[in-house]
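This report refers to the structure that appears directly beneath it.
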Amino acid sequence: MPTIKVNDVHLFYEDRGSGEALILLHGLTGSHHMLMQELEKFQADFRVIAIDARGHGKSDKPRSYTLADHIEDVIQLMDALDISEANLLGMSMGTYVAQGVAIAVPDRIKKMILISGSTHAKSEATGLLAAHADEMEGFTFEEQMAHLATHIFHQMDEVGKWLQRLPGGLTPEEQEAGAKALAQFDFRPQLHTVTADTLVISGRYDGLNPPEEGQEIADHIPEARMVVFEHSGHAPNIEEKEKYMELVTSFLKQ
């Protein structure tokens, strides 16, 4: 399981299969293990590269960093691995990174799958976390997610099994650094420049990044396709796994 130094940090990643590159980008406080089923599924047809983002998993954990760092990390990793063109699959935070990469190097991104995403950061006065801020004062990010789980996910049994399979998370300080990196971004003015064939997936019951935010991504990216999973929250890849796998497989192979 290799590491590579890019953009002044060592990133851990898994590199399996051969063919067109498919880069997997996980969510906040997670690691590549969040997308392990995608890694195992698509390695038969693609060269799948699953990254632990800086500040996460087995990668270096600087005290502070930005979303721009995450974006540049992916581009420099592509350069270091001699990947001229790639497909991107991002979940939650990974959708922010993917959008940034597709804007920065549009000619190098062929297809993009964005799961439970948003075009921009929410202000302190809006969104699910803001609505419940008073009752969660002093909570770590993981504690906030646990407290709000029923507002974020829909198929709680499936999500619970999935979360139990994931390795331990970050320290409170590492969680804070990860969240601060996402505090300010807005891709809406630039998304029209994206040339990647794009599939946007949202869960009907996702209170964190609700479907209207996924639709906003699709509205800004030329010819993007939007699909709402009617029985999912923030993790449609887990909550409606069979439908999700069929949809993504078809999209990647078309």
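Points to keep in mind about this one:
- Number of the exception - residue 176 against (1) modelled with pLDDT of 95 or more; (2) within 27 Å of residue 59 (Cα to Cα); (3) acidic (Asp, Glu): (1)
- Counting the residues of segment 197-226 that are assigned to a strand (DSSP E or B), without any contact (Cβ under 8 Å) to a residue 60 or more places away in the chain and in contact with a Gly (Cβ under 9 Å, 6 or more places away or on another chain) gives 1.
- Filter result for the condition that a residue is over 22 Å from residue 179 (Cβ atoms) and under 17 Å from the mean Cα position of the chain (by Cα), over 86, 68: 86
- For segment 98-128, the set of residues classified as without any contact (Cβ under 8 Å) to a residue 60 or more places away in the chain and under 20 Å from residue 212 (Cα atoms) consists of 122, 123, 124, 125, 126, listed by residue number.
- Test: residue 76 is touching a strand residue (DSSP E or B) at 6+ places or on another chain (Cβ under 9 Å), farther than 27 Å from residue 203 by Cβ, touching a residue at least 60 places away in the same chain (Cβ under 8 Å) and of a type in the set (S, T, N, Q): yes
- Of the residues making up segment 177-189, one or more are under 29 Å from residue 253 (Cα atoms) and either in a loop (DSSP other than H, G, I, E, B) or in contact (Cβ under 8 Å) with a residue 24 or more places away in the chain (or both).
- Filtered residue count, segment 35-67, keeping only those that are among the small types (Gly, Ala, Ser) and over 22 Å from residue 87 (Cβ atoms): 2
- Applying a threshold of 6 Å to beta carbon distances and a minimum spacing of six or more residues, or different chains, the list of pairs starting in segment 3-32 at a residue that is in contact (Cβ under 8 Å) with a residue 60 or more places away in the chain and surrounded by fewer than 23 Cβ atoms within 10 Å (Cβ to Cβ) and ending at one that is of a type outside the set (A, V, I, L, M) and part of a strand (DSSP E or B) reads 21/47.
- Scanning segment 50-70 for residues that are free of Cβ contacts under 8 Å to residues at least 40 places away in the same chain and either buried (at least 23 other Cβ atoms within 10 Å of the Cβ) or in a loop (DSSP other than H, G, I, E, B) (or both) gives a single hit, 50.
- Criterion (farther than 21 Å from residue 109 by Cα and among the basic types (Lys, Arg)) met by exactly one of 47, 63: 63
- For residue 242, the criteria (1) more than 17 Å from the chain's Cα centre (by Cα); (2) part of a loop (DSSP other than H, G, I, E, B) hold in every case but one, which is (2).
- When residue 194 is tested against (1) more than 19 Å from residue 87 (Cα to Cα); (2) more than 15 Å from the chain's Cα centre (by Cα); (3) crowded, with 20+ Cβ neighbours inside 10 Å; (4) touching a residue at least 40 places away in the same chain (Cβ under 8 Å), just one condition goes unmet, and that condition is (1).
- When we screen 128, 166 for residues that are in contact with a His (Cβ under 7 Å, 6 or more places away or on another chain) and under 16 Å from residue 203 (Cβ atoms), the only hit is 128.
The values are calculated or read from the model by the stated rules, or taken from the named source; none is laboratory data. Model, not experiment: these values are computed from the prediction. Cβ sites come from the backbone with ideal geometry, for glycine too, and all protein chains shown count toward neighbours.
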